[in-house]
Amino acid sequence: MTPTEADAYSTSAAAYVHVPFCSSVCPYCDFAVVAGRDDLVDRYIDAVCTEIMTSESWRPLEAIYFGGGTPSHIDPLLLGGVLDALSLKHGISADAEVSLEANPEDFDATRATALRSLGFNRVSFGAQSFDAGVLVALGRRHQAGQIESSVRAARDAGFENVSLDLIYGTPGETTNSWSDTLSRAIDLDPDHISCYALTVEPGTPLGRAVRDGAEAPDPDIQADRYENADKVLNAAGHTRYEVSNWSRPEHECRYNLNVWAQGQYEAYGNGSHGYRDGVRFRNIRRVDAYVRAVESGKTQRSGNDVIESWDAEIDRLFVGLRRVVGVAPGPGVTAFLTSDSGRRLLDAGVVNMVGGRLTINRPLLTDEVHRCVIDLEAPECTPTQIQ
Ligand code: SF4
């Protein structure tokens, strides 16, 4: 993907739909999810449809992403109802990417066929690992064989775009088991693979266990796993286009490309975050509180931040630098390159200038670059000088 193609996503129209229901909550999960509340599913989907129908009309959507939670946990017809609401309200482009996240244990031939016929054309499986011990450590409910059967079901149902999420660096995972996970993932011939380091979030069961003395993921081991993944995936024809995402040519996730290009996206459902008309907004995080707010006609929003002028430029660097193509010149790039920490990162080879664009050369240090970006101070100029 060329920089020009990547930047062009800044003008596309996208929407995120959050589906918070899971069979159980994995110990490392910090998302806005709920387990054991399937009694709320119908009311929740009604609330999401109400939120969509009362939002401001837009133009036909080019990328839609159902994330969670576990969208595949609920009846496909309910997800189809949400797609109908999006279509009625905004329209959906004929060639739109329509993604959903799915867990392997939920995804059989019947569900795959139903979802494909409703209009979903991309599925992202939470595979995480092919090592039985690692899957248990992560609290996952599926077995490796179910990853293989769910990918087959997706292909048989006509999904031309299949992605796998993998997690590396779980305590107990070995070099061999990670290599085996990568090669079994590649054997399934996916179009897209995401690899994430296991992260310990405070407030999760994993966070509490580590606080109380359980083994934490080792950052050095995780760095080795990441480099191994990059090498193996490249050799298999998958090119990294973002810190944690690899794909075959022209199979990059269009929804995420929009987000990283500072494009606009609607967001519906509890805990979701969106960006439209210069405002970043977020919804109430608790499922029941979100449903009650929508049902009673109150706002489901828990916050709005107007992003303008210098904040928009910092935002452009923050999200854009996740991409391998980096970000185009602008006052933020100039401020970065003239700041002490920016120069230090450039001298150390952490960042680079490629074709006039600021890029991150060492993706494992993205957080450090982000810290530098957040601290940048606006140059002395009027807001109209900052585009
Ligand atoms: S299945 Fe995914 S969203 Fe649900 S609890 Fe586990 S990690 Fe979180």
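The table below gives the values:
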| quantity | calculated |
| --- | --- |
| Residue that is surrounded by the fewest Cβ atoms within 10 Å (Cβ to Cβ), among those in the stretch 115-126 that are touching a helix residue (DSSP H, G or I) at 6+ places or on another chain (Cβ under 7 Å) and assigned to a helix (DSSP H, G or I) | Leu118 |
| Identity of the residue in the stretch 226-253, of a type in the set (Asp, Glu) and over 15 Å from the mean Cα position of the chain (by Cα), that ends up farthest from Ala6 (Cα to Cα) | Glu227 |
| Positions within the stretch 195-221 being crowded, with 19+ Cβ neighbours inside 10 Å and not in a loop (DSSP other than H, G, I, E, B), in sequence order | Cys195, Leu206 |
| Subset of the stretch 134-174 that is within 14 Å of the ligand (Cβ to nearest atom), in a loop (DSSP other than H, G, I, E, B) and charged (D, E, K, R) - its residue that is farthest from Asp220 (Cα to Cα) | Arg141 |
| Unmet criterion (only one of (1) buried (at least 23 other Cβ atoms within 10 Å of the Cβ); (2) touching a Lys or Arg at 6+ places or on another chain (Cβ under 8 Å)) for Ser247 | (2) |
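Quick grid of which residues meet (1) closer than 17 Å to Cys22 by Cβ; (2) among the aromatic types (Phe, Trp, Tyr):
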residue	(1), (2)
Pro60	no, no
Phe66	yes, yes
Gly69	yes, no
Ile74	yes, no
Leu88	no, no
Ala102	yes, no
Ser117	no, no
Gly126	yes, no
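Taken together, the values in this text are just the output of simple stated rules run on the coordinates, not laboratory data. Predicted model, so just to flag it, every value in this text is computed and none were measured. Cβ atoms come from the backbone with ideal geometry, glycine included; neighbour counts cover every protein chain shown.
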